[in-house]
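In what follows, a single structure is set out as C-alpha cells and then discussed.
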Amino acid sequence: MKQPMQKKQDPLNLQSLPLVSPPRDGWPVIEAVLRREQRRRTALRYAGGALALAASVTLALGLVLQRPLSGPVEPAPEQSLAQALPSTQGQSGVVDGGAAPETETLNVMIALSQRLEGRLRALRSGTGDLPARAVVYQVELEDLVAQVDEELSRRPDSLPLWSQRVSLLMDLDRLYENRLRREYRQVASL
Amino acid sequence: MTQSPFDIEVDQITLAQARRGSLPACERIFRWFQQPAYSVALRICQCPDTAQEVTQEAFITVFRKLRQYRGDAPFWGWLRRVVVNHAISTLRRSPRAQELEFQDYHASSHGQQEQLGLAMDLEAALASLGDEDRAVVWLHDVEGYGHKEIAEMFGKTESFSKTRLSRARARLRSLLEGPGESIPGEAPGGKAAGGIAP
C-alpha cells in the first residue's frame, strides 16, 4: 500500500537525487551575524541600566538644585536624611545653625516629598504589576507612609517626620525603579 | 507520505539552548540541517551562490525568530518553511535566465542527439525546467507539500500549483524519454500540454 502512494507522490522518483553539499561552510557568516546582534542587545541592556541610573541622578540633582542659590550649602539628599533621621532614633536637633537653615531644610524635605509623590504616580502608571514579594513590601511601606502622614497632620513642621516620609517614599521609588528596569531588560532582550 | 530530507528530530535541550542564544546549540542545529536546507534552496534557485546565501539568510531568520517557535509542530517543518520562503522570495527578486541555460544544454549535446535523452539524467532535466515549475514539482514530489501550501508560498491559487506540477512532470518525462519525444519548440518553463495534476 505504501509503494503506490509513494509512486503517486513522486512518480519521477526525484527523491532519489542525492542531497547537495554547499560549496562553503555557511556557519562563520551566521555566527558573525548572531554575535553582532548579541553584542548589540547587551549594549542596549547596559544603555537601559545607564539611562535609569542617569534618570535617578538627574532627579536627585534637580531636587537638590531647586533650592534657592542664596541659601546655605545644601547637603546631598541622603545626607539630609542622615541628618534628619537621627531625631527618630532619640536624638534631637538636626541641622547646625539657627532656625532659618532648619526651616529651609524642612522646605527642601517637603518639596522632595512632593516630587517623589509625583514620580511615584508616574512610575505606578508606567510599570506593570509588581511581583508578589514586592507587593508585600510596597504595602508595608505605604502603611508606614500613612502612619507618618497621620503624625504630620498633628505636627506639620516636624523635620524628622518629613525626613522619614521622604525616606519611605525613596524606598517605594526604588521598588518601582527596579520593576521598570526589569521590564526594560525584558523588552531589550526580545 | 514522502519522507522529507528535513525530517530530523531536534532535542528539546538544544532547542532551549538555541532559544537562549547559545551559539554552540545554534551551530548544532545548523550542521544538522545545512545539507537539506542547501539542497532545497539549490533546487529552487538553481544557482550555488544564491542557494548558499538563501541558506544563510534562512538560518539567521530561524535563530532570530526561534522564540516565536511554539513547538506545536515539528521544528524541521518550521525551519524548512523558512528556507523555502526565502528561496521563493529570492527567486522572485532575481529569476535566472532559464531559456539560455536550456539552450546551452542542447548545444553541449550537439552531434549526440541520439544519446541526448539517455545522457540527460534526472538532475539535468530538473535543472532545465522553468523556475516555478521546478520549484513546484520539487516542493510537491520531494518535500511533500500539498497544492494549498504551495499556492500560499507563491501567493497564487491552488490551480496554479496543480497546473505547474502537471506541466513540470510532463516536461520531465519528455526530457527523460529522449529528445525526439520532447515537445518541439517549447521553451522550458513555457506553456506545455497537460492537464491538471492530482
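Laboratory data are not the source of any read-out in this text; all were calculated from the coordinates shown. What you see is a predicted model, and the numbers here were worked out from it, not measured in a lab. In this analysis, Cβ positions are derived from the backbone assuming ideal geometry, glycine residues included, and neighbour counts consider all displayed protein chains.
For peptide A:110-123, compute the average count of partner chain beta-carbon atoms within 10 Å of each residue's beta-carbon.
Mean partner shielding for this stretch: 0.
Please average, across the residues of B:39-49, the number of beta carbons from any other chain that are within 10 Å of each residue's own beta carbon, and give a whole number.
2
All other residues with a Cβ under 9 Å from the Cβ of B:V142 taken together, and with Lys, Arg as +1 and Asp, Glu as -1, what is their net charge?
With Lys, Arg at +1 and Asp, Glu at -1, the net is -2.
Could you please report the charge total around B:Q52, scoring K, R as +1 and D, E as -1 over all other residues with beta-carbon less than 12 angstrom from its beta-carbon?
Result for the local shell: -3.
Among B:I150, B:I13, B:I60, rank each residue by its count of other Cβ atoms within 10 Å, from fewest to most, as a rough exposure measure.
Sorted ascending by nearby Cβ count, the order is B:I13, B:I60, B:I150.
Could you please report the charge total around B:A168, scoring K, R as +1 and D, E as -1 over all other residues with beta-carbon less than 10 angstrom from its beta-carbon?
Taking every other residue near B:A168 into account, the sum is +3.
Apply the Karplus curve 6.51 cos²θ - 1.76 cosθ + 1.60, θ = phi - 60°, to the phi angles in segment B:148-159 and return the couplings in whole Hz, x for Gly and Pro.
These are the phi-based 3J(HN,Hα) values: 5, 5, 5, 4, 4, 4, 8, x, 10, 8, 5, 5 Hz.
Note down the magnitude of the dipole of segment B:12-93 about its Cα centre, charges +1 on Lys and Arg C-beta and -1 on Asp and Glu C-beta and zero elsewhere, to the nearest 20 debye.
Approximately 300 debye in magnitude.
How crowded by other chains is A:30-36, given as the mean number of beta carbons from other chains within 10 Å of each beta carbon?
Neighbouring Cβ atoms belonging to other protein chains average 5 per residue here.
Once label points are set 7 Å from the Cα along Cα→Cβ at both A:D157 and A:Q114, what is their separation, rounded to one decimal in nm?
1.8
Going by average Cβ density within 10 Å per residue, which order do the peptides A:158-166, B:4-12 take, highest to lowest?
Averaged packing, sorted descending, gives the order A:158-166, B:4-12.
Hey, can you rank B:125-131, A:136-142 by average C-beta count inside 10 Å, highest first?
For the peptides B:125-131, A:136-142, the packing ranking is B:125-131, A:136-142.
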